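Single-structure report; data block below.
The values are calculated or read from the model by the stated rules, or taken from the named source; none is laboratory data. Everything quoted here is computed from the prediction, not taken from an experiment. FYI the Cβ positions are ideal-geometry reconstructions off the backbone, even for glycines, and counts take in every protein chain you see.
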Amino acid sequence: MIYSGTAITVADIGDGIAELKFDLAGESVNKFNRTTLNDLAAAVAAIKAAGSVKGVVVTSGKPVFIVGADITEFGELFSHGEDDIVGWVKQANQAFVAFEDLPMPSVVAINGIALGGGFEMCLACDYRVMSSAAKVGLPEVKLGLFPGFGGTVRLSRLIGVDNAVEWIAAGAEKRPADALKDGGVDAVVEPAKVRDAAIALLKQALAGKLDWQARRREKQAPVQLNMMEQMMAFNTAMAVVAGKAGPNYPAPKIAVQSMQSHASLERDAALEVEAKGFAKAAVTPQANALIGLFLADQAVKKASKAHEGKGSKEIAQAAVLGAGIMGGGIAYQTAYKGTPIIMKDIRDAALDLGMGEATKLLSRQVEKGRMTPQEMGTTLSRIRPTLNYGDFGQVDIVIEAVVENAKIKASVLKEAESLVREDTIIASNTSTISISLLAESLSRPQNFVGMHFFNPVHMMPLVEVIRGKHSSDDAVAATVKLAQKMGKTPIVVNDCPGFLVNRVLFPYFGGFDMLLRDGADFQAIDKVMEKFGWPMGPAYLLDVVGIDTGVHAASVMADGFPDRMKPDYKSSTVVIFENNRYGQKNGKGYYSYEPDKKGKPKKVADPQTYELISSVVAARREFEADEIIARLMLPMVNEVARCLEEGIVASPAEADMALIMGIGFPPFRGGACRYVDQMGISKYVALCDQYATLGKAYEAPQLLRDMAKANKKFFA
């Protein structure tokens, strides 16, 4: 053994070849943490000292190659400012440079996922052999960063500026065919042959059949474009990248600027430029938020696993009650992910609608080449439409998705419970009605939970699993497992009107109604909030959700939390509803809707809206953007804090992820709790005090006041 460390071993495998194997002890995947970086430096030194090594093959002892850097270490590393970050990157790069400069050829066998720092390790090798089952890429922009271990330097010299910009700025994972076409890898072979193929390629280099030194010099030299060609390439790239990234995601633009700055430099000088650019991106609030979201996602997965462990029941057969768009969407998603489902309704027309929805969604998958017509047929066969309860004695879970009316739901739930096994779980897809209230009609409330899907079901990743007063751990665990099996992210919340997502969304809508009452223009509000980062402003969002749905849900919220959600005035939204304008569903809401070239609804300004609401709003006046933002965001964020106070949601991480996935909270802001952290808790509480005259929704909850007093954050 030439070297043996915690993360890397180096062994002599004969013919002068050393195998440098990544196999991080105690972990299911390889990643570049401090231990791995230290081991790489030590392993390279050991190879140099050995004297007998003529070539190096780099492999992985795990099913993946290397997933990237250890993101859990970023918080501490990035907290000390740009200079310290540059120092850390330089130190890390010394190990990559030392490896690349070994006086012998190197070939990497990419057996599985090689992303971020993992692919940068591959780029430091002279040749890359990739498994046909592997993926490679540099996805750092998704964390508000860009490659810092030489990725921008080596890749732009290896595959050209245009390709490198696309790889880095888009952050996409590359499948073998694309990686080979662009020149990111040199060969693609079957998974079982990847190590042998890499060794064979290395032997060719050792035999002088491949000029590995020329290949290495290419990566170490400046980009092979003259100044005019560079200017044209980077100016074009910057225009495209800036257009796609927008103003709220600076990392892709900083990456392109860095690449342009180091294009004319030799490797070592270029790495200095890359390090400074990386540090500049790392200290942005966007990087803080996006890295925080990654860690929050890990926390949500960990929480789900903990809930799963509290029950052993598995869902082999499901059923859905109600076959409209929502029921059809649930049936599609369940069947698409492999679980057979019965879809029941009382009308043939509804069953046709539900099956039509599932068929439409599956047809799109076929059109996009994601499944064959045969696979579509198999999936559809997993959905069994019916007008009766004939086979409900065999189902493991019944998901109720009928109209959002407490009396109707209670009646349907009671009927279903009488026809299923005693251990069958019953879940309601209610969006606002208390699960504990609905459970009063059931004889086995311990088997009853909420399972709140978001529309459209096939696109929205979140499922709220709601624990009622009597819901058992077994019922919650099985529902969490099913949600995950359906490809969704479940977040378990405790029961209250609106649960988590709708409970915090409707104070935001309340702030919107108050702004209109006081003379704001709904179109101006939409523009401000879209610039803030929301995918659509509140007026547009209400139209998409459905004005009738919004008014009904607001009424439920008002009954549940009258002190801060029951208005003492007639709102514009109610007036719009009373005039039978329900939004996109009937073509008129705050906006009017016309079909675009693809037949999708396109919003257009409607002067009639202003006439309709004129009796309930003050004279039109302009509001500063900061005031619009504060008057919408404070009620929402305060309600998130109250949900944490009351234990409705278990952690800030779960709260933030629910808002990101459920209602499109701007990802680059990281969620409501991260938003407060970045503003500063004391500054946030002071802003609440400034607007407290508007009502209790604007008053900072005690949790936030206590945090401000103790100078605490939601996230360390």
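Are there any pairs with C-beta distances below 9 angstrom linking a residue in the range 328-348 that is under 13 Å from Gly487 (Cβ atoms) to a residue that is aromatic (Phe, Trp, Tyr), with the two at least 6 apart or on different chains, and if so which? Matching pairs, first to second residue: Gly329/Phe453; Ile330/Phe453; Gln333/Phe453.
Filtering the range 609-626 for residues that are buried (at least 20 other Cβ atoms within 10 Å of the Cβ) and over 27 Å from Gly546 (Cβ atoms) leaves an empty set. In the range 447-527, counting only strands (runs of 3 or more DSSP E) that sit wholly within it, the ones holding 3 or more residues that are at pLDDT 95 or above and not assigned by TED's automatic domain parsing to the domain that holds Lys360 span 489-494.
Pick out the one residue from Arg382, Arg370 that is free of Cβ contacts under 8 Å to residues at least 40 places away in the same chain and more than 30 Å from Asp656 (Cα to Cα).
Working: Arg382 fails: free of Cβ contacts under 8 Å to residues at least 40 places away in the same chain.
Residue meeting the stated conditions: Arg370.
Every test in (1) surrounded by fewer than 19 Cβ atoms within 10 Å (Cβ to Cβ); (2) within 23 Å of Arg517 (Cα to Cα); (3) in contact with a Lys or Arg (Cβ under 6 Å, 6 or more places away or on another chain) is passed by Asn580 save one, and that test is (3). Evaluate the following for Ala716: is it assigned to a loop (DSSP other than H, G, I, E, B), touching a residue at least 60 places away in the same chain (Cβ under 8 Å) and either on the phi < 0 side of the Ramachandran plot or surrounded by fewer than 21 Cβ atoms within 10 Å (Cβ to Cβ) (or both)? When the stated conditions are applied, Ala716 passes them.
Total residues in the range 157-183 satisfying the condition of being touching a Leu at 6+ places or on another chain (Cβ under 8 Å), in a helix (DSSP H, G or I) and either free of Cβ contacts under 8 Å to residues at least 12 places away in the same chain or small (Gly, Ala, Ser) (or both): the figure is 1.
Scanning for something within 22 Å of Leu505 (Cα to Cα) and free of Cβ contacts under 8 Å to residues at least 12 places away in the same chain, does the range 544-561 turn up at least one residue?
First pass over the range 544-561, keeping only residues within 22 Å of Leu505 (Cα to Cα): 544-561.
Still in the list and also free of Cβ contacts under 8 Å to residues at least 12 places away in the same chain: 555, 558.
Checking the range 544-561: at least one residue is within 22 Å of Leu505 (Cα to Cα) and free of Cβ contacts under 8 Å to residues at least 12 places away in the same chain.
Give me a count of the residues in the range 420-452 that are touching a strand residue (DSSP E or B) at 6+ places or on another chain (Cβ under 9 Å) and surrounded by fewer than 18 Cβ atoms within 10 Å (Cβ to Cβ). Qualifying residue count, the range 420-452: 1.
Mind counting the residues in the range 432-446 that are under 24 Å from Thr549 (Cα atoms) and assigned to a helix (DSSP H, G or I)? Explain how you work it out, then say what you get.
Initial filter on the range 432-446 (under 24 Å from Thr549 (Cα atoms)): 432-439.
Checking the rest, the ones that are also assigned to a helix (DSSP H, G or I) come to 435-439.
Of the residues in the range 432-446, 5 are under 24 Å from Thr549 (Cα atoms) and assigned to a helix (DSSP H, G or I).
Looking across the range 254-267 at every residue that is in a helix (DSSP H, G or I) and in contact (Cβ under 8 Å) with a residue 60 or more places away in the chain, the one that is farthest from Ala289 (Cα to Cα) is identified as Arg267. The condition (being within 20 Å of the chain's Cα centre (by Cα) and in contact (Cβ under 8 Å) with a residue 40 or more places away in the chain) is satisfied by just one residue among Ala641, Ala658, Ala625, Ala630: Ala658. Among the residues of the range 669-713, those that are buried (at least 21 other Cβ atoms within 10 Å of the Cβ) and aromatic (Phe, Trp, Tyr) comprise Tyr675, Tyr684, Tyr698. Scanning the range 30-45 for residues that are in a loop (DSSP other than H, G, I, E, B) and over 17 Å from Thr59 (Cα atoms) returns a single hit, Asn33. What is the one condition in (1) in contact with a Phe, Trp or Tyr (Cβ under 6 Å, 6 or more places away or on another chain); (2) among the β-branched types (Val, Ile, Thr); (3) farther than 18 Å from Ala335 by Cβ that Thr379 does not satisfy? So the condition that Thr379 fails would be (3). Entry remark, the range 90-107: residues being within 20 Å of Val129 (Cα to Cα) and either touching a residue at least 12 places away in the same chain (Cβ under 8 Å) or outside the structural domain of Gln204 (by TED's automatic domain parsing) (or both) number 8 in total. Just one of (1) under 27 Å from the mean Cα position of the chain (by Cα); (2) part of a helix (DSSP H, G or I) fails for Val556. It is (1).
Take the residues in the range 11-43 that are touching a Lys or Arg at 6+ places or on another chain (Cβ under 8 Å) and crowded, with 23+ Cβ neighbours inside 10 Å, then tell me which one is farthest from Ala114 (Cα to Cα). Going through the qualifying residues, I end up with Leu24.
Condition (residue is in contact with an Asp or Glu (Cβ under 8 Å, 6 or more places away or on another chain), within 22 Å of Leu77 (Cβ to Cβ) and in a helix (DSSP H, G or I)) applied to the range 297-307: is it met by at least one residue? Among the residues of the range 297-307, at least one is in contact with an Asp or Glu (Cβ under 8 Å, 6 or more places away or on another chain), within 22 Å of Leu77 (Cβ to Cβ) and in a helix (DSSP H, G or I), which makes the answer yes. Within the range 514-543, the residues that satisfy the criterion of being surrounded by 20 or more Cβ atoms within 10 Å (Cβ to Cβ), among the small types (Gly, Ala, Ser) and in contact (Cβ under 8 Å) with a residue 24 or more places away in the chain are Ala520, Ala539. Quickly run through the range 384-411 and pick out the residues that are farther than 11 Å from Gln317 by Cα and in a loop (DSSP other than H, G, I, E, B). Hits for the range 384-411 are Leu387, Asn388, Tyr389, Gly390, Ala401, Val402, Val403, Glu404, Asn405. In the range 586-607, the qualifying residues are those that are of a type in the set (Lys, Arg) and modelled with pLDDT under 90, and the one that is nearest to Pro538 (Cα to Cα) is Lys600.
Taking only the range 328-349 into account, find how many residues are assigned to a helix (DSSP H, G or I) and either touching an Asp or Glu at 6+ places or on another chain (Cβ under 7 Å) or not assigned by TED's automatic domain parsing to the domain that holds Phe454 (or both). Going through the range 328-349 one residue at a time, the tally reaches 3.
Restricting the range 184-233 to residues that are assigned to a helix (DSSP H, G or I) and β-branched (Val, Ile, Thr), the residue that is nearest to Met130 (Cα to Cα) is Val194. Within the set Ala270, Ala251, Ala214, Ala275, the sole residue that is modelled with pLDDT of 95 or more, in contact with a Phe, Trp or Tyr (Cβ under 7 Å, 6 or more places away or on another chain) and in the same structural domain as Val107 (by TED's automatic domain parsing) turns out to be Ala251.
Scanning the range 327-344 for residues that are charged (D, E, K, R) and surrounded by fewer than 23 Cβ atoms within 10 Å (Cβ to Cβ) returns a single hit, Lys337. Here is the figure for the range 352-365: residues that are surrounded by fewer than 20 Cβ atoms within 10 Å (Cβ to Cβ), of a type outside the set (Asp, Glu) and more than 13 Å from Thr379 (Cα to Cα) total 3.
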